[in-house]
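See structure below.
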Amino acid sequence: MSTLVIVESPTKARTIRNYLPSSYQIEASMGHVRDLPSSADEIPTAYKDKRWAKDFGVNVENDFEPIYVVPKTKKKVVQKLKDALKEADELILATDEDREGESISWHLLQLLKPKVPVKRMVFHEITREAIQKALQDCRAVDEDLVHAQETRRILDRLVGYTLSPLLWKKIARGLSAGRVQSVAVRLLVERERERRAFQSGDYWDLKALLEQDKSPFEAKLITLDGKKLATGSDFDPDTGKIAEGRDVVLLNETQANALKERLIDQTWTVSNREERATKRRPYPPFTTSTLQQEANRKLGISARDTMRVAQKLYEQGYITYMRTDSVHLSTEAIAAARSCVEQMYGQEYLSPKPKQYSTKSKSAQEAHEAIRPAGNTFRTPKETGLADREFKLYDLIWKRTVACQMADARLTQITVNVDVENAVFRSSGQRIDFPGFFRAYVEGSDDPEAALENREVLLPPLKVGDTPDCKELEAIGHETQPPARYTEASLVKTLEKEGIGRPSTYATVIGTIIDRGYAQMRSKALVPSFTAFAVTSLLEEHFPDLVNTGFTSQMEQTLDEIARGSAHWIPYLKEFFKGEKGLETQVKVREEQIDTIAAKTIRLDNVDAKIRIGRYGPFIEVDNDNEEEESLKVAIPVNLTPADLDPEQIQSLVKQKLEGPDKVGLHPETGEPIYLKKGPYGDYVQLGDKTDDNPKPKQKSLPKGVKPEDVTLEIAVGLLSLPRLLGLHPGTEGKIKADLGRFGPYVVHEFKEEGEKKLQRDYRSLKAEDDVLTVSFDRALELLAQPKRTRGKSSKKPLRELGSHPEDNEPVNIYKGPYGDYIKHGKVNVGIPEGETVEGITLEAAVALLAEKAATKKTTKKATKTAKKKTTKKKTTTKKTTTKKASTG
DNA sequence: CAGTGAGCGAGCTTCCGCTTGACTT
């Protein structure tokens with residue numbers, strides 16, 4: 001008697017193995033095992049000639065019947081499951097209890113066609129009791145829920161595969177649109193429009209430094225003649241003036257200074273004092289979304305990296321599952337958190353009752369627990385022995401989980417009014433009466449001003465009638481600020497709030513919009529591109545419903561009805577796609593309506609010139625007054641986004657195009673002219689004109705830190721004389737040169753190794769203090785003598801030294817790598833096999849593993865070669881996209 | 001890499017979710 005149990009994740013398989021009898025075999029499906037064909041080569045031959053198959057992989061002519069295929073990457077998994085099933089006389093489908101999980105089970109049934117009894121089992125916690133109970137409560141696959149998933153899948157396919165081709169035709173090839181990404185892009189564009197339209201306003205106020213009984217405190221002017229003083233929120237962002245209907249006093253610099261002079265020597269009297277007790281409740285434990293936000297804000301880690309690190313922690317058994325939308329904690333988890341609080345902070349810091357949090361988001365499917373330290377007792381961050389990011393992330397998760405079972409923080413807010421003449425100043429303080437969960441956790445904030453709130457601000461014990469001394473009075477000017485750009489954190493937060501996207505996709509959505517050229521990351525901000533503006537405008541104008549934040553939640557409502565059996569999926573899709581206002585009809589109509597030129601043209605507020613999306617990127621088009629002549633076209637440098645483009649920028653770009661490049665001077669030796677030019681990759685100098693005889697005049701980029709206005713003839717000549725020969729290496733007689741490369745200035749040592757014909761090159765980057773034009777021979781030797789900076793982190797120190805290899809006496813060590821711990825000997829690396837530990841492995845075992853690896857290396861040469869290609873591609877993503885653009889012409 | 005924005009018209013690009021492999025250090 002044996003039972004095959006299929007779960008989604010291999011880690012889960014490993015853990016539940018401990019709670020099931022040995023006659024149970026546990027396998028993982030690794031997520032979905034079938035999907036719609038992603039491209040033409042995946043379409044089965046039977047459907048190859050069908051239009052609908054090629055366009056959608058869904059039969060839109062016949063009740064949206066989908067073609068499901070096993071993707072190449074999943075063939076192995078499916079085979080393994082089939083083999084495992086042959087040995088079993090019972091099948092238990094234990095995929096997650098949400099829409100996608102139910103669907104995976106259904107697909108498994110379709111694929112495996114089991115002849116043995118089948119049960120569907122669901123569990124939310126991986127404990128012996130929970131799994132035993134789940135085994136008792138098996139059910140059948142819920143077909144309605146499966147239909148809801150299919151509807152979601154098909155709808156996304158229809159939206160994506162109709163709108164994207166429309167964009168190829170109307171705007172640029174390779175673009176994409178989708179239910180999730182297009183809304184995300186639109187959010188960025190809308191915010192950028194607000195920022196462009198924003199009119200800043202100035203206002204002044206006074207800050208006083210007062211002193212009572214030798215204790216200083218600060219107070220700010222709040223009213224004048226009983227009228228409220230204007231602050232940033234009183235301004236209308238569209239005009240930069242005080243918003244209509246606001247009865248406030250606006251001070252300019254002169255008025256503020258005059259007021260200051262008038263008030264400084266007067267008598268200041270405390271007129272009012274108020275105290276207000278408040279509470280702060282701890283935050284709920286982490287979901288994927290809140291973890292990504294906090295890791296981004298507090299640790300500066302991107303959503304993608306957060307997930308990568310969390311996955312590691314999960315696989316190594318440190319935390320529970322990291323893709324979840326639930327804040328629910330198991331009773332064991334609550335008990336563990338409470339025991340942590342008692343031990344580390346004491347009974348008084350414990351919340352009086354165990355706290356269970358409930359998920360607010362309507363779209364939540366709650367197939368998993370909140371993200372928390374794994375197990376029935378939590379290891380403290382120190383006990384884990386983790387390091388670097390893994391430690392920091394675990395620490396964050398541990399603190400948040402423990403804090404959620406702690407007592408509320410109790411604060412007292414104190415406000416004191418101080419009158420002087422016709423003005424009232426206010427001083428605000430905050431006293432923490434009991435820190436409660438603050439002891440463990442203070443949430444990071446998008447708004448640094450708000451983060452400061454958590455700090456204690458103490459005031460001297462003032463009472464009404466006190467007359468503090470005014471030590472200093474300062475007039476301070478302020479400028480209202482435009483709304484902040486989205487960061488990864490705030491975008492994820494908004495998407496989750498609107499129910500758009502799922503825990504498993506937040507990080508990839510951001511990746512997609514960057515990959516497609518819809519946005520770029522500038523420090524932490526997501527800045528939309530010109531393409532994003534063009535695409536968003538088109539979609540807003542012609543498909544407003546689809547790019548509305550409400551679209552997904554409407555869809556979700558219908559999916560819920562389908563899941564409950566109260567709605568049918570085919571009529572819904574029919575209406576959505578084939579209906580009078582359906583997508584198919586709309587796309588057809590709009591395709592004729594949309595003018596290609598107009599779609600590629602971007603209108604920006606307060607910019608007259610037209611911006612157009614060309615094949616090689618965005619350019620400015622200035623119409624000529626003379627109708628006969630062609631309009632003027634000026635390329636916009638890459639990395640310049642709509643955010644940077646103001647009328648002055650355009651002016652300067654147009655001017656350069658019209659008047660030609662600035663001439664720096666004539667080359668002292670050849671007499672050729674030297675130009676300073678603006679290229680798509682920045683400013684550069686060029687020697688001579690481009691002619692038929694000289695099709696490739698010498699050009700050199702300005703190094704970082706050199707501004708175009710600083711370029712003298714001397715600098716230009718110097719740059720154009722690069723590479724500069726510094727001398728010959730004393731050891732090898734090889735040439736040492738200095739030059740500018742793609743990654744900045746460098747020195748290189750060129751030499752030939754004994755017997756080798758090929759020239760070897762040893763590169764070192766110059767440091768910030770070095771100048772490529774003047775760097776000396778000695779300095780170059782010094783740099784070359786330094787070891788190459790190892791890429792990545794502190795992977796230098798071995799975790800464990802095993803000893804020296806019997807063959808060559810070279811050390812055999814164990815290191816920590818991004819792909820797990822591994823054994824290193826010379827250039828051969830081999831991962832530690834499953835079941836072995838860093839501590840347990842012997843030198844003999846390691847030597848055997850290394851020999852095995854060295855033997856297989858020859859046979860897998862082909863595989864590593866293709867893989868190498870992949871990584872280099874990845875490394876040079878930025879370059880790739882730009883060269884791609886340049887080479888399509 | 002470096003001044004374009006179109007066209008002979010093959011075949012291609014593209015969606016959202018669920019998972020960990022491939023890679024190597």
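The values are calculated or read from the model by the stated rules, or taken from the named source; none is laboratory data. The structure displayed is predicted, hence computed values, not measured ones. When we count neighbours, we look across all protein chains shown, and the Cβ atoms used for this are built from the backbone with ideal geometry, even at glycine.
Only one of A:13, A:53 is under 24 Å from residue A:151 (Cβ atoms) and not in a loop (DSSP other than H, G, I, E, B); which?
Numbers: A:13 fails: under 24 Å from residue A:151 (Cβ atoms).
Only one candidate qualifies: A:53.
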Looking only at the stretch A:419-435, count how many residues are surrounded by 18 or more Cβ atoms within 10 Å (Cβ to Cβ) and under 19 Å from residue A:464 (Cβ atoms).
-> 6
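Any residue at all in the stretch A:168-180 that's assigned to a helix (DSSP H, G or I), among the β-branched types (Val, Ile, Thr), under 22 Å from residue A:550 (Cα atoms) and within 8 Å of DNA strand B (Cβ to nearest atom)? Outline the logic, then answer.
Just the residues of the stretch A:168-180 that are assigned to a helix (DSSP H, G or I), to begin with: A:168-170.
Imposing the further condition that a residue be among the β-branched types (Val, Ile, Thr) reduces the set to none.
Looking through the stretch A:168-180, none of the residues is assigned to a helix (DSSP H, G or I), among the β-branched types (Val, Ile, Thr), under 22 Å from residue A:550 (Cα atoms) and within 8 Å of DNA strand B (Cβ to nearest atom).
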Failed condition for residue A:194, given (1) part of a helix (DSSP H, G or I); (2) more than 11 Å from DNA strand B (Cβ to nearest atom); (3) surrounded by 21 or more Cβ atoms within 10 Å (Cβ to Cβ), with all others met?
-> (3)
Can we say residue A:130 is under 25 Å from residue A:322 (Cα atoms) and either away from DNA strand B (no atom under 14 Å from the Cβ) or assigned to a helix (DSSP H, G or I) (or both)?
-> yes
With the first residue restricted to the stretch A:30-50 and required to be over 15 Å from residue A:68 (Cβ atoms), and the second required to be among the basic types (Lys, Arg), Cβ contacts under 9 Å at 6 or more apart or on different chains are A:30/A:74; A:40/A:48; A:40/A:54; A:48/A:54
What number goes with the only condition from (1) free of Cβ contacts under 8 Å to residues at least 60 places away in the same chain; (2) more than 16 Å from DNA strand B (Cβ to nearest atom) that residue A:364 does not pass?
-> (2)
Quick count over the stretch A:236-264, residues being of a type outside the set (Gly, Ala, Ser), free of Cβ contacts under 8 Å to residues at least 40 places away in the same chain and loosely packed, with under 12 Cβ neighbours inside 10 Å, is 4
Please give the number of the condition residue A:702 fails out of (1) at pLDDT below 80; (2) surrounded by fewer than 16 Cβ atoms within 10 Å (Cβ to Cβ).
-> (2)
Pick from the stretch A:70-81, criterion within 11 Å of DNA strand B (Cβ to nearest atom) and touching a Ser or Thr at 6+ places or on another chain (Cβ under 9 Å), ranking: farthest from residue A:9 (Cα to Cα) | A:71
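Considering each residue of the stretch A:219-244, count those that are charged (D, E, K, R) and within 30 Å of residue A:267 (Cβ to Cβ), and give that number. Steps first, answer last, please.
At the first step, the residues of the stretch A:219-244 found to be charged (D, E, K, R) are A:220, A:225, A:227-228, A:234, A:236, A:238, A:241, A:244.
Pick out the ones that are also within 30 Å of residue A:267 (Cβ to Cβ) and you get A:220, A:225, A:227-228, A:234.
Going through the stretch A:219-244 one residue at a time, the tally reaches 5.
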Would you check which residues across the stretch A:140-167 are within 7 Å of DNA strand B (Cβ to nearest atom) and either over 26 Å from the mean Cα position of the chain (by Cα) or modelled with pLDDT under 95 (or both) and list them?
-> A:165
Regarding residue A:11, is this residue within 12 Å of DNA strand B (Cβ to nearest atom), at pLDDT below 95, β-branched (Val, Ile, Thr) and touching a Phe, Trp or Tyr at 6+ places or on another chain (Cβ under 7 Å)?
-> yes
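Select, from A:704, A:690, A:663, the only residue that is under 20 Å from residue A:741 (Cα atoms), charged (D, E, K, R) and within 14 Å of DNA strand B (Cβ to nearest atom).
Details: A:690 fails: under 20 Å from residue A:741 (Cα atoms); A:663 fails: under 20 Å from residue A:741 (Cα atoms).
Only one candidate qualifies: A:704.
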Filtering the stretch A:722-771 down to residues that are of a type in the set (S, T, N, Q) and part of a loop (DSSP other than H, G, I, E, B) yields A:732
Conditions: (1) exposed (fewer than 15 other Cβ atoms within 10 Å of the Cβ); (2) closer than 27 Å to residue A:486 by Cβ. Residue A:285 meets all but one. Number of the miss?
-> (1)
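Conditions tested, residue by residue: (1) modelled with pLDDT under 95; (2) not hydrophobic (A, V, I, L, M, F, W, C).
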position: A:403; (1), (2): no, no
position: A:406; (1), (2): no, no
position: A:415; (1), (2): no, yes
position: A:422; (1), (2): no, yes
position: A:438; (1), (2): yes, no
position: A:455; (1), (2): yes, yes
position: A:461; (1), (2): yes, yes
Please state which of the following conditions residue A:61 fails to meet, knowing it meets all the rest: (1) within 14 Å of DNA strand B (Cβ to nearest atom); (2) more than 30 Å from residue A:363 (Cβ to Cβ); (3) among the charged types (D, E, K, R).
-> (1)
Would you be able to tell me the number of residues in the stretch A:369-394 that are small (Gly, Ala, Ser) and crowded, with 18+ Cβ neighbours inside 10 Å?
-> 2
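Restricting to the stretch A:197-218, name every residue that is under 30 Å from residue A:270 (Cα atoms), assigned to a loop (DSSP other than H, G, I, E, B) and in contact (Cβ under 8 Å) with a residue 60 or more places away in the chain.
Taking the stretch A:197-218 first, the residues under 30 Å from residue A:270 (Cα atoms) are A:202-218.
Next cut, assigned to a loop (DSSP other than H, G, I, E, B) only: A:213-214.
Residue satisfying the conditions is A:213 alone.
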Here the residues within the stretch A:544-563 that are more than 13 Å from DNA strand B (Cβ to nearest atom) and either without any contact (Cβ under 8 Å) to a residue 12 or more places away in the chain or out of contact with any helix residue (DSSP H, G or I) (no Cβ under 7 Å at 6 or more places or on another chain) (or both) are A:544, A:545, A:548, A:550, A:554, A:557, A:560, A:561
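Report the residue count in the stretch A:585-596 for those that are more than 33 Å from the chain's Cα centre (by Cα) and outside any loop (DSSP other than H, G, I, E, B). Let's see the steps before the verdict.
First, the residues of the stretch A:585-596 that are more than 33 Å from the chain's Cα centre (by Cα): A:585-586, A:588-595.
Then drop every residue that is not outside any loop (DSSP other than H, G, I, E, B), which leaves A:585-586, A:588-593.
Residues that pass the stated criteria total 8.
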List pairs: first in the stretch A:177-196 and modelled with pLDDT of 95 or more, second acidic (Asp, Glu) and within 6 Å of DNA strand B (Cβ to nearest atom), Cβ under 9 Å, 6+ apart or cross-chain?
-> A:178/A:156; A:179/A:156; A:180/A:156
The condition from (1) of a type in the set (A, V, I, L, M); (2) under 17 Å from residue A:674 (Cα atoms); (3) surrounded by 16 or more Cβ atoms within 10 Å (Cβ to Cβ); (4) away from DNA strand B (no atom under 14 Å from the Cβ) that residue A:713 misses is numbered (3)
With respect to the numbered conditions (1) within 22 Å of residue A:559 (Cα to Cα); (2) in a loop (DSSP other than H, G, I, E, B); (3) within 11 Å of DNA strand B (Cβ to nearest atom), which one is the sole condition not fulfilled by residue A:107?
-> (2)
Total residues in the stretch A:217-235, condition exposed (fewer than 15 other Cβ atoms within 10 Å of the Cβ) and over 44 Å from the mean Cα position of the chain (by Cα) = 3
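Residues that are under 30 Å from residue A:243 (Cβ atoms): list the strands (runs of 3 or more DSSP E) wholly contained in the stretch A:468-572 that include at least 1 such residues. Write out each step before concluding.
On the way: elements: A:469-479, A:519-522, A:525-528.
The strands (runs of 3 or more DSSP E) meeting that bar are A:469-479, A:525-528.
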Report the residue count in the stretch A:84-103 for those that are outside any loop (DSSP other than H, G, I, E, B) and among the polar types (S, T, N, Q).
-> 1
